[in-house]
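Written out below as structure tokens is the structure these notes cover.
Just so it is clear, none of the values below were taken in a lab; they were calculated from the coordinates. Remember, it's a predicted structure, so these values are computed and weren't measured experimentally. Positions of Cβ are backbone-derived with ideal geometry, glycine not excepted, and every protein chain shown enters the neighbour counts.
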């Protein structure tokens, strides 16, 4: 066993048997010899170098801490802004679809049909009101025997209402015949 010990620790080869026994029995002596061994010294130097390198890395990491916290904060703010903008985009997109829906070909055709019906109703209401208000005469009551101003006003207004009505009927007919094309741009 001694030869194995001496092979592993040739530094102990110069020690006598008594020195080796003292080494085993005296803890302070053991520590002194142990710490004087070149391998142990090299290990402690290596450990010191590693500690210093770790300390240097730690100091470097600490120097990066504030900029990293600032960057993290800025990143969080940018992320929050992006989320808010995304939510706003969804809202604006929905509003835009609603607005564009009012200008879709189907909606415009429906509006044309409704406005045509409303125009017809308005002209018929005007005619009914005129008939119920005064009987149509052949110019009685006018000095020169011509139509009265009231009749002229009715005819002009009724004619304007019916002209708009018939224009809308023509547009609806063209649309139904496929003669109206809508661009999507």
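Report, to the nearest 10°, how far helix 27-36 tilts away from the longest principal axis of the Cα atoms in the chain, using its own Cα long axis and a range of 0 to 90°.
Tilt relative to the chain: about 70 degrees.
For percent of Cα pairs over 31 Å apart, pick the label among (i) 69; (ii) 40; (iii) 15 that corresponds to the value derived from the coordinates.
(i)
What is the calculated FRET efficiency for residue 86 to residue 59, with r their C-beta to C-beta distance and R₀ = 25 Å, to the nearest 0.05? Please list the in-between numbers first.
Values: r = 41 Å, r/R0 = 1.63.
The computed FRET efficiency comes out at 0.05.
Determine the calculated [θ] at 222 nm for the chain from helices alone, applying -39500 (n - 2.57) to every DSSP H run no shorter than 4 residues and normalising by the residue count; nearest 500 deg cm²/dmol. Display every interim value, and only then the final one.
Numbers: 6 runs with 147 residues, N = 185.
Calculated from helices alone, the mean residue ellipticity at 222 nm is -28000 deg cm²/dmol.
How much length, in nm to one decimal, is gained on full extension between residue 102 and residue 132, taken as 0.36 nm per residue of separation minus their Cα-Cα distance? Let's see the in-between values first.
Numbers: separation 30, 0.36 × 30 = 10.80 nm, distance 3.92 nm.
So the extension gain works out to 6.9 nm.
What order do you get for 79, 130 when you list them from fewest to most C-beta neighbours inside 10 Å? Numbers along the way, then the final one.
Details: 79 10, 130 17.
Final ranking by Cβ density, sparse to dense: 79, 130.
Taking 0.36 nm per intervening residue step and subtracting the Cα-Cα distance, what contour gain separates residue 111 from residue 41 on full extension? Kindly include the intermediate steps, with their values, before the conclusion.
On the way: separation 70, 0.36 × 70 = 25.20 nm, distance 9.72 nm.
Full extension from residue 111 to residue 41 adds 15.5 nm.
Mean separation of Cα pairs under 8 Å and 6+ residues apart, divided by the residue count of the chain: what relative contact order is that in percent?
Numbers: 47 pairs, mean separation 28.9, N = 185.
About 16 percent, as a whole number.
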